[in-house]
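Asker: Pasting a structure here, questions to come.
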Amino acid sequence: MKIWSTIKKDIYSLYVHIPFCEHICFYCDFAKVIKPKNDESINAYLDKVDNELSTYNNKFNSLKTIYIGGGTPSCLSNDQTTKLLEIINKHVDIKNIIEYSIELNPESVTLEKLKIYKNYGINRLSIGVQTFDNNLLQKIGRQHNNKKALEAIELARKAEFNNISIDLMYNLFNQTIDNIDVDLDYIKKIKPEHISWYSLIMKENSIWGKLKYNKPENDELFDEYVNKGLVKLGYKRYEISNYSKKEIYNSVHNLSYWKSDLFVGVGYGASGFEKIKDKYYLTQNVGNVSKYEKTFEIVEENDLYFQIIMMGLRMIKGIDISDGLNKQAYLHFKNQINKNIELGLLDLKDNYLFCTSRGFDVLNEILLTFL
Ligand code: SF4
């Protein structure tokens, strides 16, 4: 048997997808549907999630993180939220979970709901702010304004959440450096522990993608400006698009993706990375909200190593090449790695392989040399 298939890997993370949204944003291509008016459809969906989780009995013993994403998990009513969290409790021993996150949209945050999250052990909120500029919010099809975003963050603090992440986007249409300055000013005031600040991605299946809109070509300019601005405010970049006030606020769940750890995804549209009988699989729940099934795509050895390199180099710290599968990936791609080190794009120190600052700017080009 090959070494790569015998290395032990446990499931550390669980992703639960809630696909309901009150409205559809123009840029979005996530698995989502408009929230049904009747409770039955939502309850039926939650029952399906319950059934799906039952199929993982005994496989969640090493689970460290749970992430409820969407869609818009916060658009569930209080009763639906309680039902969802009870279901998760039934399958997971919450006391072993170190990071339990839920995504919120500002317009559906209430103090009551936040208290429910807190009671069920959720300890991290990820709030979809996107920008604090009201004109831009309207242009991208969001329902909230900056006042709502501030209120949501204030309520979260009132409910004693001390690990709040906000999602922001840059390179939106007609967005200028002045807009970024406004966002940075808000950040200075509200001091979230964590920030994910992504460039707009134009996906084919989004409303804008279908209209064949082209994305503005200013990524590099914004990327550098955002990075400098956040560093000035005391944030540390630990992944291409993610920053935190202190290392303890780095997202453990997202790090598990970048470290190519195994994770289970449940719910319509969710994906996962699983190991079954010495083989690795990418899973994808396909179908629709009322009927979906899990598909399994085998990950071959070369693809697995490429995934480890591709995801791992997104982290500033890089890849621990002394560790299990990472070591195999390093040995597999040693020639390409050495060439990139010679070019000053990658570096290797204390068993970590990472991008130099020049390498970070051309990560996609580096990855092409591994294909
Ligand atoms: S971006 Fe979020 S809130 Fe907007 S449609 Fe997509 S999943 Fe729903």
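The values are calculated or read from the model by the stated rules, or taken from the named source; none is laboratory data. Predicted model, so just to flag it, every value in this text is computed and none were measured. Cβ: placed from backbone, ideal geometry, glycine included. Neighbour counts: every protein chain shown. These area figures cover heavy atoms from the full protein model, side chains too; ligands, DNA and RNA do not enter into them. Shrake-Rupley method; radii C 1.70, N 1.55, O 1.52, S 1.80 Å.
Asker: Which is the longest part of the chain that has none of the GluC sites (Glu not before Pro) sitting in a DSSP loop with at most 14 other Cβ atoms within 10 Å?
Answerer: The answer is 23-159.
Asker: Give the aspartates and glutamates whose C-alpha is closer than 13 Å to that of residue 277, dropping any in the same chain fewer than 8 places away, or say none.
Answerer: The reachable aspartates and glutamates, counting only those whose Cα sits under 13 Å from residue 277, are 10.
Asker: Excluding the sites themselves, what is the longest stretch of the chain that contains no trypsin sites (Lys or Arg not before Pro) in a DSSP loop with at most 10 other C-beta atoms within 10 Å?
Answerer: 38-211
Asker: While we're on this one: Applying 1/(1 + (r/R0)^6) with R0 = 51 Å to the Cβ-Cβ distance of residue 37 and residue 98, what FRET efficiency is obtained, to the nearest 0.05?
Answerer: For residue 37 and residue 98, the calculated efficiency is 0.85.
Asker: Here's something else I'd like to know. Under Stokes-Einstein, with the Kirkwood radius over Cα pairs standing in for Rh, what whole-number D in µm²/s applies to region 302-371 at 25 °C and 0.890 mPa s?
Answerer: Numbers: Rh = 11.6 Å.
Value of D from the Cα-based Kirkwood radius: 212 µm²/s.
Asker: Hey, another quick one. Going down the table (48/279; 32/95; 139/215; 188/259; 113/275; 118/188), which pairs top 24 Å between alpha carbons?
Answerer: 48/279; 32/95; 188/259; 113/275; 118/188
Asker: Right, something else. Just to be sure I understand the model, the point goes 7 Å from the Cα along the line to the Cβ. What's the resulting residue 339 to residue 351 distance in nm?
Answerer: Output for this residue pair reads 2.8 nm.
Asker: Hey, got the dipole for region 168-293? About the Cα centre, +1 on K and R Cβ, -1 on D and E Cβ, debye to the nearest 20? Could you put the intermediate results ahead of the total?
Answerer: On the way: 18 positive and 17 negative charges, 70 e Å.
Around 340 debye, computed over region 168-293.
Asker: Leaving out ligands and nucleic acids, and using a 1.4 Å probe, what accessible area per residue does region 3-257 come to in Å²?
Answerer: 47 Å²
Asker: Another question about this same structure. Any chance you could run the full-extension gain for residue 57 through residue 78? It's 0.36 nm times the residue separation minus the Cα-Cα distance, nm to one decimal.
Answerer: On the way: separation 21, 0.36 × 21 = 7.56 nm, distance 2.71 nm.
Residue separation times 0.36 nm, minus the Cα-Cα distance, leaves 4.8 nm.
Asker: Which value in nm describes the separation of the simple spin-label points at residue 173 and residue 368, placed 7 Å from the Cα toward the beta carbon?
Answerer: Spacing of the two 7 Å Cα→Cβ label points: 3.0 nm.
Asker: Moving to a separate point now. I'd like the distance between the alpha-carbon centres of region 123-166 and region 192-247, rounded to an integer number of Å.
Answerer: Distance between centres, Cα-based: 16 Å.
Asker: First select every other residue whose beta carbon is under 13 angstrom from the beta carbon of residue 144; then total the charges, Lys and Arg +1, Asp and Glu -1.
Answerer: Numbers: positive: 142, 147, 148; negative: 22, 107, 133, 151, 167.
Result for the local shell: -2.
Asker: For region 3-257, with all protein chains present and a 1.4 Å probe, just round the carbon and sulfur fraction of the accessible area to a whole percent.
Answerer: 49 percent
Asker: For the residue pair residue 29 and residue 295, what label-to-label distance in nm results when each label sits 7 Å from Cα along the Cα-to-beta-carbon direction?
Answerer: Result: 1.5 nm between the two label points.
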